[in-house]
Amino acid sequence: MRGIKDIYVVGRKNPDLDSVASSMAYAELKNTVDRESNYVATICGNTDKITQKLFGYYNIAMPKYIDDLSIRVEDVMTRNAITVKKDESVTEVFKIMLKNDLVVVPVVENNGTFIGYLGMTDIARKSISSVMPDIFRKIKTSISIIRNAVDGELLVPPQDENKMFVATVVMGVMDENGLMKVIERIEPESIIMVVGNRRDFQKAAIEMGIRCIVISHGYKMDSDLIELARENGVSVISSDYDAFATVGLIEWGIPVETICEKSTTVVHPSDLIVDIKEKVYRSSNRAIAVVNSNNKVIGILTRTDIIKYDKRNIILVDHSSSLNAPDGIYECNILEIVDHHRLGDIQTGFPTRYRIEPWGATATIVADEFKINNIKPSKTSALLLANAIIVNTEFFEKETFTEKDREMVNWLCSLWSFDLDDLIDNLKSIIN
């Protein structure tokens, strides 16, 4: 089973400075050591006043806020999903789907907002309709779309090349009487007739006032018939393709919007998987678009994504108690516990790395982890860790203070040329 991409470094609920600083610095350390994963520092609940003042003074952004560790859509969705615009041709979209092995793509407006889905089921339905009676073969198109679909030359243009209309495609493969009988059963204004260099067919169709004639095999129309077509308002297009290919290109060159499934069924990145699971399972295309607040597609969620996701991977910092953890803690894989308190009630179902030290701050342990791994923390992390150790040991006077705490503060200061006395004085002024 695949793992969730982000590994959360989780401090205690309603965290103090030691918890927040340790979470942020440890996430930085893990991202430096492990380049294949993404570690994210998190906070849950309200931070204390000292933390708020310190972060405000140094203009440091707070970590990601979470109140529930349960799996959300953003954890398992496919980001940067391929989307197609509503006016793209079905032919081109089908090529995209085959190339990328997709069974469904979200369809969007030109501004990127979601309108529906095009799935293989929609394409299959369209394929079947092409061999059904004429009533099922109607397509919504325009002269411009037809010309583009067949890469054709417009010999007689209409007044409005982009005007959409419902059309029926007819092939001129029978004799003139048979063809005329076909045309008589359908409104001439809706007919697109594909024909070769049969002058008699062309003339009869023009006189009946059909919507458009598409001449296959690259044939042109005689000048007198072109003039007659102009007089009767019949558009004429020349296609270099044979008759069969021309019909196929016309029927499949229509905009995606005309055959896609219009829908308002979407999910949002913050939705809990447990809440939207049934919505995905019941979707006709086995997938649902993930949209932002502006209804623009930012990803896609499939049944396979839900089936394959496993528990969230997390690291607990500054606690090992379910009372101090966000909701959903028992739905997670706990990879590590780093703490300076007694071991809490959280149990894991597989090997977990524990580092519990009887020191005055968890920040001391995190600083020691940097030193052991021979990694220099960033200036921000060093500043936060040093201040966290000082605050948590009550300026080295708390009974839980150890010489290890002083050693790590001095080491952090030496890395970035912090003056310890200035750091302490500055911290006191911030707190007060």
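Here each label is just a point 7 Å from Cα along the line to Cβ, and for Lys277 and Ile96 those points are 3.2 nm apart. One Cα centroid belongs to the stretch 286-301, the other to the stretch 396-432; the line between them spans 48 Å.
Against the longest alpha carbon principal axis of the chain, how many degrees, from 0 to 90 and to the nearest 10, is the axis of helix 379-392 turned? Tilt of helix 379-392: around 40 degrees. Taking every DSSP beta bridge that has both ends in the stretch 248-357, the antiparallel portion is near 30%. Between the C-alpha center of the stretch 243-265 and that of the stretch 55-129 there is a gap of 20 Å. The protection proxy used here, the mean number of other Cβ atoms lying within 10 Å of each residue, ranks peptides 43-56, 241-254 as follows, highest first: 241-254, 43-56. Across every pair of non-identical alpha carbons in the chain, the mean reciprocal distance, once inverted, gives a Kirkwood radius of 26.7 Å. In degrees from 0 to 90, rounded to the nearest 10, what is the angle of the helix 362-372 Cα long axis to the longest principal axis of the chain? The angle comes out at about 80 degrees.
Subtracting the Cα-Cα distance from 0.36 nm times the residue separation, let me have the gained length for Asn59 to Asn111 in nm, one decimal.
Numbers: separation 52, 0.36 × 52 = 18.72 nm, distance 3.62 nm.
Result for the pair: 15.1 nm of gain on full extension.
Near the amide H of Asp271, within less than 5 Å, lie the amide hydrogens of Val73, Glu74, all on another chain or at least 5 residues away, with H placed in the peptide plane.
Against the chain, whose longest principal axis comes from its Cα atoms, helix 273-282 is set at around 20 degrees.
Output the peptides 393-401, 224-232, 9-17 sorted from most to least packed, where packing is the average of other Cβ atoms within 10 Å over each peptide's residues. Kindly include the intermediate steps, with their values, before the conclusion.
Numbers: 393-401: 13.6, 224-232: 15.7, 9-17: 24.7.
In descending order of packing, they fall as 9-17, 224-232, 393-401.
Here, each number is a calculation from the coordinates, and none is a lab measurement. Not measured: the values here are computed from a predicted model. Neighbour counts are summed over all protein chains in view; Cβ atoms, including those assigned to glycine, are modelled from backbone coordinates with ideal geometry.
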